[in-house]
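Below is one structure, written out as structure tokens, with a few remarks after it.
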Amino acid sequence: MKMQSRRTFMKTALASGAVMALPGLALAEGGTLADIKKRGKLTVGTEAAYEPFEFVENGQVVGYGRDILELMAQKLGVKLEQMNLPFQGLLPGLMSHKFDFVATSVGITPERAKRFAFSEPVGVVRSVLMVRAGDTSIKKDLDISGKIIGTQMGSSSQPVADEFEKELKEKTGKGYADTKLFQAYPDVSNALANNTIDVALMPSNIAAVQMRKQAGVFRIVGEIGQPKLLAWVANPKDLEIRQFINSSLDEFRSSGKLAELQKKWFGGPMETPHADYLPSGAI
């Protein structure tokens, strides 16, 4: 049997319909930096719905991740094509080379890490405690004992609040005065601003957005629960591309460019590990 190169195989399969195509997407052929440079375009898949990492503003994808991608495309000397797609189509599209890698905030989990090549973390999300800037009664996490806390109903923050209340009772003898649940995080921020609650518990990226939009209104007094690492994802056959992502992040970190972008989008530095971040058994 005559062996086909991967590129020839993918062309044949696409033409015959053997590869399921996402509507309107062309195949990003190849899996090396040479392929990307020859094509003259870095093609990435994104779900732009996680402000300020990646989101749509005035019809364009913007955010922390977009700015990093622009730097990477400049480094390669190519144009950037960022496809905004539903999350459900990103990882399957990656495996069939619809794009060079996934540049969206994907949580690193043991299950995913065995199937996909995660980059160094591009972000970390923590459950933070946000209070009114002028409230001097709350300076640290334990000070929320006896206070009214609010968070989004059914969110990942709700069980974090429940667990921390147990810790409060053990350390201070009492929990919250009350827990109020809201339909969305912006509702939580509004409740904090109008004194309906004393403390807002929300993901750090959401808090950063609220603090950027309402400068000087809120401040962070601590974080509770376990942080969640977010990374980009390469096809496991395209480890050169993952290495490019990692080396670029290291370069931008050393030059101070990452710190500049973090200040721009998050209001301050964001510490992320660049070693020992993958779970056991990861690619």
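The values are calculated or read from the model by the stated rules, or taken from the named source; none is laboratory data. The shown structure was predicted, so the numbers you read here are calculated from the model rather than taken from an experiment. We place every Cβ from the backbone using ideal geometry, glycine too, and count neighbours over all the protein chains shown. For accessibility, only protein heavy atoms count, side chains too; no ligands or nucleic acids. Shrake-Rupley method; radii C 1.70, N 1.55, O 1.52, S 1.80 Å.
With Rh defined as the Kirkwood radius, the inverse of the mean 1/r over Cα pairs, the Rg/Rh of the stretch 27-186 is 1.11. Taking every DSSP helix (H) stretch of at least 4 residues in the chain, weighting each as -39,500 (n - 2.57) and dividing the sum by the residue count yields a mean residue ellipticity at 222 nm of -11000 deg cm²/dmol. Counting Cα-Cα pairs of the stretch 163-283 in 5 Å increments starting at 0 gives whole-percent bin shares of 2, 8, 14, 17, 14, 14, 11, 9, 7, 3, 1. The alpha-carbon of residue 166 sits under 19 angstrom from the alpha-carbons of these aspartates and glutamates, leaving out residues fewer than 8 places away in its chain: 141, 143, 178, 198, 223. Using the Cβ of residue 33 as centre and a radius below 12 Å, the other residues enclosed give a net charge of +1, where K and R count +1 and D and E count -1.
Would you tally the net charge around residue 244, using a Cβ to Cβ cut-off of less than 13 Å, leaving residue 244 out, and scoring K and R as +1, D and E as -1? The partial results should precede the final answer.
Numbers: positive: 37, 75, 242; negative: 35, 100, 120, 238, 240, 250, 251.
Summing Lys/Arg as +1 and Asp/Glu as -1 gives -4.
When the accessible area of the chain is split by element with a 1.4 Å probe, what percent falls to carbon and sulfur? About 52 percent, which is the carbon plus sulfur part of the accessible surface.
Note that the chain presents 49 Å² accessible area per residue, ligands and nucleic acids not counted, probe 1.4 Å.
Choose one answer from 202, 153, 83: the residue with the largest mean-square fluctuation in a GNM of the chain with alpha-carbon springs under 10 Å. For the chain, modelled as a Gaussian network with Cα springs under 10 Å, the answer is 153. Along the charge dipole of the chain, Cβ charges K/R +1 and D/E -1, which of 252, 193, 235 sits furthest on the positive end? Towards the positive end, the residue furthest out is 235. Only one residue of 217, 155, 262 has its Cα farthest out toward the positive end of the dipole of the stretch 127-283, where Lys and Arg carry +1 and Asp and Glu -1 on Cβ, and that residue is 217.
Computed over the stretch 34-107, relative contact order equals 44 percent, with contacts defined as Cα pairs under 8 Å that lie 6+ residues apart.
Electrostatic bookkeeping for residue 170 treats Lys and Arg as +1 and Asp and Glu as -1; over the other residues with beta carbon under 15 Å from its beta carbon, the sum is -1. Across q = 0.09, 0.17 Å⁻¹, the chain modelled as identical point scatterers on its alpha-carbon atoms has Debye log10 I(q)/I(0) values of -0.50, -1.31, in the order of the q list.
Please list, in order, the residues from the stretch 67-90 whose amide nitrogen is less than 20 Å from a point placed 7 Å along the Cα→Cβ vector of residue 257. Only 67-83 fall inside the zone, counting backbone N under 20 Å. Beta-bridge orientation, the chain: approximately 60 percent antiparallel, per DSSP, counting only bridges with both partners inside.
Over the stretch 161-283, what is the relative contact order in whole percent, taking alpha-carbon pairs under 8 Å and six or more residues apart?
18
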